[in-house]
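All remarks here apply to the structure that follows.
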Amino acid sequence: MTTNRNAPDILSPEFAADPYSAYRIMRDEFPLIRHEAMQSYIVSRYEDVERAFKDPAFTTDNYDWQLEPAHGRTILQMSGREHAVRRALVAPAFRGNALQDHFMPVIERNARTLIDGFRHTGRADLVADFATRFPVNVIVDMLGLDQGEYERFHRWYTAIIGFLGNLSQDPEVHAAGVRTREEFAAYMLPVIRERRENLGDDLLSTLCSAEIDGTSMSDEDIKSFCSLLLTAGGETTDKALAGIVRNLLDNPEQLAAVRADRSLIPLAFAETLRYTPPVHMIMRQVSEDVEIGGGTVPAGSTVTCLIGAAGRDERRYADPDAFDIFRSDLSAKNAFSAAADHLAFALGRHFCVGALLAKAEVETGIGLLLDAMPDLALADSFRPTEQGLFTRGLEALPVTFTPGPVAAAAGA
C-alpha cells in the first residue's frame, strides 16, 4: 500500500476542479490509498473496483451509517435471503411489461410537459429546466402521488443527495438530510397506509400488494425504498441527461449520428456512464482482511471505490479519455444489466434495480429533446463545468435553438 503524502487528496479543491487528472495519478502510482480524514481506503483501478462490487467480502454494512440516517433501512443494507426476497418483490415493477405498459406513458408525458415549457423560447438551461426535474417528476407520478408535490420532492431529493455527498461532514448538510428523512416519513407513511386500503395501478400500490412466499413489505420498507428510489433513480438520470447532451455537443459527428439514428441513444448513454459517470464513488465495507491494489485492507474497514477513475482506466479501455459511442470495448447490449462493461450501476447482487428505468427515461428524454431542438447549440461563450465529488455533473447547460410551437410536441 502507498502512503506517499503526494497522493491526490479527494477532498482537496484541486481534486474537485479536475478529478480525472488525479484519477490517472492514482491508478498509475497509488492504486490503494489510506485516507485518514475519511477513515477509508481508496481503490481506483477497474479490476479493483469491479472486484469490490462482486466479491462477497466487500459488504454494504457501511450503509448503516452512510444511508440509513437519510433513508431508513433500505434493501442495499440487506444480504442473503432477506435481500433476495426484497429485491424479488420490487424488481418486476422496473422491467418488461410493467415498465413498458404502466410507466412509459408517464415518462413520455413528463418529458413532453417539461420541453413544452421552453421549446417556444429558443433557449433553455437543460440542467435547471429539464434534467433535474424530469426524473423526480417521473418518480412522483409512478408512485401515484400528487403532482402538486413536485417541488417538495425536488427539495427532498436535493437535500438527500447533499447528505450522501457530504464527505467533509458539514453539520448543516447532515442535519438537513436527517430532517428530510423525518419530513419524508411524515408525508409517505400515511399515504402508504391509505394506498393499502385503496390499491390502484401505480407503483406504490404494487409495492403495497407484492408478496413472495408469505413475505411482503412493511410500511417502513416501502417508505425507505421510495426514498432510495427518489435519490438513486433521480441522480443517475439527472446528471446523465445533461452529460449526454454535453458530450454529444463536444463531438458533433457523433451528435449527427445520434440524430440520424435514435437507436444509438443507448450507446451514448452507456459511454457517458463510463466517461462522465453521475456517481463517481461507491463505498463498501470489508468483512475480512483483503489483499487489493498492492496492499491489505483490514477487516471492518471502509473502501471507497472510484467509479469515475475505473471508467478511464487504460488497462480496461482503449483511448479512455476520448468520448466514443462506437468503441468496441463497451457494449450497449449489456450496459443496463448485471453483465455491464461499465461500473456506474455497480455489479453483482447490488446491481442497480432501476437501470432499465433510467434507460427508458434517457432514451425518451434525449429523443424528444433532439426532436424539439434540431439546431441545438451551446449558448454563446458558455463553457460547461462539472461539479461534485460523490456525485458529479454539470451545474448548468444553457443552450439555444430555433423556437418551435408547443402544439408540435403535443401531437408528435
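Points worth noting:
- Residues satisfying the stated conditions in segment 63-76, i.e. open to solvent by less than 20 Å² (accessible area, probe 1.4 Å), within 18 Å of the chain's Cα centre (by Cα) and modelled with pLDDT under 75: Gln66, Leu67, Ala70, Thr74
- Residue within segment 317-334 that is of a type in the set (Lys, Arg) and either under 24 Å from Asp64 (Cα atoms) or open to solvent by less than 20 Å² (accessible area, probe 1.4 Å) (or both) present: no
- In segment 88-107, the qualifying residues are those that are farther than 11 Å from Ala210 by Cα and in contact with a Ser or Thr (Cβ under 9 Å, 6 or more places away or on another chain), and the one that is least open to solvent (accessible area, probe 1.4 Å) is Ile107.
- Condition broken by Asp221, with the remaining ones in (1) under 23 Å from Leu356 (Cβ atoms); (2) outside any helix (DSSP H, G or I) satisfied: (2)
- Candidate set: segment 167-205, residues that are free of Cβ contacts under 8 Å to residues at least 24 places away in the same chain and outside any helix (DSSP H, G or I); chosen: the one most open to solvent (accessible area, probe 1.4 Å): Gln169
- Selection status of Ala242, in a helix (DSSP H, G or I), among the small types (Gly, Ala, Ser) and either open to solvent by 40 Å² or more (accessible area, probe 1.4 Å) or in contact with a strand residue (DSSP E or B) (Cβ under 7 Å, 6 or more places away or on another chain) (or both): yes
- From the options Phe326, Phe351, Phe345, residue that is aromatic (Phe, Trp, Tyr) and under 17 Å from Leu241 (Cα atoms): Phe345
- Within segment 201-218, considering residues that are more than 25 Å from the chain's Cα centre (by Cα) and among the acidic types (Asp, Glu), the one nearest to Thr158 (Cα to Cα): Asp201
- Test for Ala270: is it open to solvent by less than 30 Å² (accessible area, probe 1.4 Å), out of contact with any helix residue (DSSP H, G or I) (no Cβ under 7 Å at 6 or more places or on another chain) and assigned to a helix (DSSP H, G or I): yes
- Enumeration of residues in segment 361-394 that are in a loop (DSSP other than H, G, I, E, B) and surrounded by 17 or more Cβ atoms within 10 Å (Cβ to Cβ): Met373, Leu376, Pro384, Gly388, Leu389, Phe390, Arg392
- Only a single criterion out of (1) part of a loop (DSSP other than H, G, I, E, B); (2) out of contact with any Leu (no Cβ under 8 Å at 6 or more places or on another chain); (3) buried (at least 18 other Cβ atoms within 10 Å of the Cβ) is not satisfied by Ala358, namely (1).
- Positions within segment 395-412 being at pLDDT 80 or above, open to solvent by 20 Å² or more (accessible area, probe 1.4 Å) and out of contact with any strand residue (DSSP E or B) (no Cβ under 6 Å at 6 or more places or on another chain), in sequence order: Thr402, Pro403
- Taken over segment 33-51, the criterion of being open to solvent by less than 40 Å² (accessible area, probe 1.4 Å) and within 23 Å of Asp321 (Cβ to Cβ) is satisfied by Ile33, Ile42, Val43, Ser44, Tyr46, Asp48, Val49.
- Pairs where the first residue, in segment 253-274, is touching a residue at least 24 places away in the same chain (Cβ under 8 Å) and the second is part of a helix (DSSP H, G or I) and acidic (Asp, Glu), C-beta under 7 Å, 6+ apart: Ile265/Glu363; Pro266/Glu363
- Residue in segment 132-146 that is more than 30 Å from Leu306 (Cβ to Cβ), assigned to a helix (DSSP H, G or I) and either at pLDDT below 80 or open to solvent by 40 Å² or more (accessible area, probe 1.4 Å) (or both) present: no
- Qualifying residue in segment 296-308 (condition: assigned to a helix (DSSP H, G or I) and buried (at least 21 other Cβ atoms within 10 Å of the Cβ)): yes
The values are calculated or read from the model by the stated rules, or taken from the named source; none is laboratory data. Given the structure is predicted, the values throughout are model-derived calculations rather than measurements. Don't worry about glycine lacking a Cβ; one is built from the backbone with ideal geometry, like all the others, and counts go over all protein chains shown. Keep in mind that these areas ignore ligands, DNA and RNA; they rest on the heavy atoms of the full protein, side chains included. Shrake-Rupley method; radii C 1.70, N 1.55, O 1.52, S 1.80 Å.
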